[in-house]
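Below is one structure, written out as structure tokens; the observations come after it.
The values are calculated or read from the model by the stated rules, or taken from the named source; none is laboratory data. Since the model is a prediction, treat every value here as computed from it, not as a measurement. With ideal geometry, Cβ positions are generated from the backbone for all residues, glycine too; neighbour counts draw on all protein chains shown.
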Amino acid sequence: MRQSFIAQLEELNNNVIKMGSILELSTNEMIQALENIDVAAAKKIIDRDDEIDLLEQQIERDCINIIAKQQPLASDLRKITSIMKIITDIERIADQCSDISEYIIKLSSKPKVTAPKHLSEMISAMKNMVINTVDGFVEADLAKATSVIEADDEVDNYFAEITEELIQMMQKEPQVVPQCVCYLMIIKYLERMADHATNIAEWITYIITGKLALG
């Protein structure tokens, strides 16, 4: 029974890692698509979202089956229940990659405008958060999880700065309002991606330390 349980836990862990790898791929491709306003790449990201959804459902079923049939001890139960939370946030980050991709497609049909000044820095900060959450889970690395939590304020600050920049652009150049609205939505989704990465980091911290400090 114990060997079967260990095998199921390993498979569960590997599927979460797989889900995280797909998320990293979509995040990287979304960033490239946004830089180049690449419609084909954006559509590819949207299509891949179903893969993440199906994997989330499978992992969730596996978690429930393990809890119901194996009656795991406290530390294992903590990891299994945390995984159920983590995969929800991974799925939502992937959703937001798709949401941004929809706005990339919208931007492609409008006259080109210069991207907001600090957008690349916001994207870089968010990307590092996503990478560190995936690596933090794989390596059970408390330092990486902590770095993600601490980085959330940086993304929030970029969101505020870029919002103000876009408001000023719309006031000065009314003809670019549709493009600015697209960028406002994009940075909102980037900010949410960072929030979900923070949630994942908090659950990783709980797995490692047993201390739950959300919110």
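Conditions (1) out of contact with any His (no Cβ under 7 Å at 6 or more places or on another chain); (2) of a type in the set (Val, Ile, Thr); (3) crowded, with 20+ Cβ neighbours inside 10 Å, marked per residue:
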position	(1), (2), (3)
Lys127	yes, no, no
Val130	yes, yes, yes
Gly136	yes, no, yes
Ser147	yes, no, no
Asp153	yes, no, no
Tyr158	no, no, yes
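Scoring Ala40 on the criteria (1) at pLDDT 95 or above; (2) surrounded by fewer than 15 Cβ atoms within 10 Å (Cβ to Cβ); (3) of a type in the set (Gly, Ala, Ser); (4) closer than 22 Å to Leu212 by Cβ leaves a single failure, condition (4).
From the list Asp76, Asp53, the lone residue that is part of a helix (DSSP H, G or I), exposed (fewer than 14 other Cβ atoms within 10 Å of the Cβ) and not aliphatic (A, V, I, L, M) is Asp53. For region 100-119, the set of residues classified as surrounded by 12 or more Cβ atoms within 10 Å (Cβ to Cβ) and either without any contact (Cβ under 8 Å) to a residue 60 or more places away in the chain or touching an Asp or Glu at 6+ places or on another chain (Cβ under 6 Å) (or both) consists of Pro116, His118, listed by residue number. Within region 142-165, the residues that satisfy the criterion of being out of contact with any Pro (no Cβ under 6 Å at 6 or more places or on another chain) and among the aliphatic types (A, V, I, L, M) are Leu142, Ala143, Ala145, Val148, Ile149, Ala151, Val155, Ala160.
Scanning region 157-215 for residues that are of a type in the set (Asp, Glu) and either under 13 Å from His118 (Cβ atoms) or assigned to a helix (DSSP H, G or I) (or both) yields Glu161, Glu164, Glu165, Glu191, Asp195, Glu202.
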